[in-house]
Amino acid sequence: MSEAEHNTERPVKDASTVMVIRDSDAGPEVFVARRVRGMAFAGGMTVFPGGGVDAADDDPDLAWTGPAPHWWADRLGCEEARARRLVCAAARETFEECGVLLADHLDGSPVSDAGRYHAARAELEGHRMTFSNFLATEELSLAAGRLRPFDHWITPAVEKRRYDTRFFLAALPVGQEPDDQTTEVDLTMWARPADLLGDFRSGRSMLLPPTWVQLHTLSQFDDVASALASERSIAPIEPAILEHRGGIRVGFDGSDEYWADYQRGHAEAEA
């Protein structure tokens, strides 16, 4: 790839990704999915639920409980309207991709049976219904307090598809269970972060750098409560593009360990 191609600026789309976690006897587990091979972005990769912000996420009348958009704007380092869109996308994408609904009833009680609303998932995913309209119809509100801001990554300019992604953390709501009812994935699972990192090192899975970093961070917590209570200092991370053995690779804090695990995984997979 030429230097001119390296420096080509491509549009950057806002996105939200949610790490849904739960406690287990062996420690905290996180819900992940393997994206279908051949997809335009992250095909074959093990990822958390999430996706791009839609125009329909920009609704100032969205039913909302928990920390207000101005609180999120301060934590996410952006203007209030953008923060509202990012939080809306986080809740919407989590529901669309794995059926976990981060919402409250109008009396303030949490949604514990999301299955009754699953008929709306196809309507949301097909852009035939907005998340705001869905909440209003079902007399629900987005439970912003069930999300925690966690990290912020920007896809390097060299990539064809670029995302400005906020990572969020959320505990699995009591009574709910994620599923695999989406055409975008071919495998879902609950797993300890350390085990997912082990799968990557052994070549049994593929992780993008931001996912790898989040798993390393999550592996340091003893339970869901401590993960949710952690105070995060969030600053945007845009990996550097580095020359390496006649090609390029991304560099970031911890990238040497990432690439060592990547090479080890490839060697194991080919053995």
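Here are the numbers:
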item: Gain upon complete extension [Arg10, Ala122; 0.36 nm per residue less C-alpha separation]; result: 37.3 nm
item: Residue-averaged 222 nm ellipticity for the chain, from DSSP H runs of 4+ at -39500 (n - 2.57), nearest 500; result: -9000 deg cm²/dmol
item: 0 to 90° range, to nearest 10: angle between helix 80-98 axis and the chain longest Cα axis; result: 90 degrees
item: Highest-fluctuation residue, Glu231, Glu96, Glu243 considered, GNM on the chain with Cα pairs under 10 Å; result: Glu243
item: Dipole moment magnitude, nearest 20 debye, the chain about Cα centre, only Lys, Arg, Asp, Glu C-beta charged; result: 480 debye
item: Where the chain is the region considered: accessible area per residue in Å², 1.4 Å probe; result: 48 Å²
item: Relative contact order, percent, the chain [alpha-carbon distance under 8 Å, six or more residues apart]; result: 25 percent
item: Net length gained if the chain between Glu257 and Thr137 were fully extended (0.36 nm per residue, minus Cα distance); result: 38.4 nm
item: Rounded, prolate or oblate (a/c below 1.5 giving rounded, otherwise prolate when a/b exceeds b/c) for segment 123-175 by Cα gyration tensor; result: oblate
item: Tyr163 long-range amide H proximity, modeled H, under 5 Å; result: Lys13, Thr155
item: Segment 78-133 - percent of accessible surface contributed by carbon and sulfur, probe 1.4 Å; result: 46 percent
item: Calculated FRET efficiency for the pair Asp223/Ala55, C-beta based, R₀ 41 Å, to 0.05; result: 0.60
item: Segment 201-271, relative contact order [Cα under 8 Å, separation at least 6], %; result: 52 percent
item: Candidates Gly44, Gly52, Gly246, ranked by Gaussian network fluctuation over the chain, Cα under 10 Å, top entry; result: Gly246
item: Of (1) 17.4; (2) 12.4; (3) 14.8, the label for mean projected area of the Cα convex hull in nm² derived from the coordinates; result: (3)
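The values are calculated or read from the model by the stated rules, or taken from the named source; none is laboratory data. Everything numeric here is computed off the predicted structure, so don't read it as measured data. Every residue, glycine as well, gets a Cβ built from its backbone with ideal geometry; the counts of neighbours run over all protein chains shown. Surface accessibility is based on the protein's heavy atoms, side chains included, excluding ligands, DNA and RNA. Shrake-Rupley method; radii C 1.70, N 1.55, O 1.52, S 1.80 Å.
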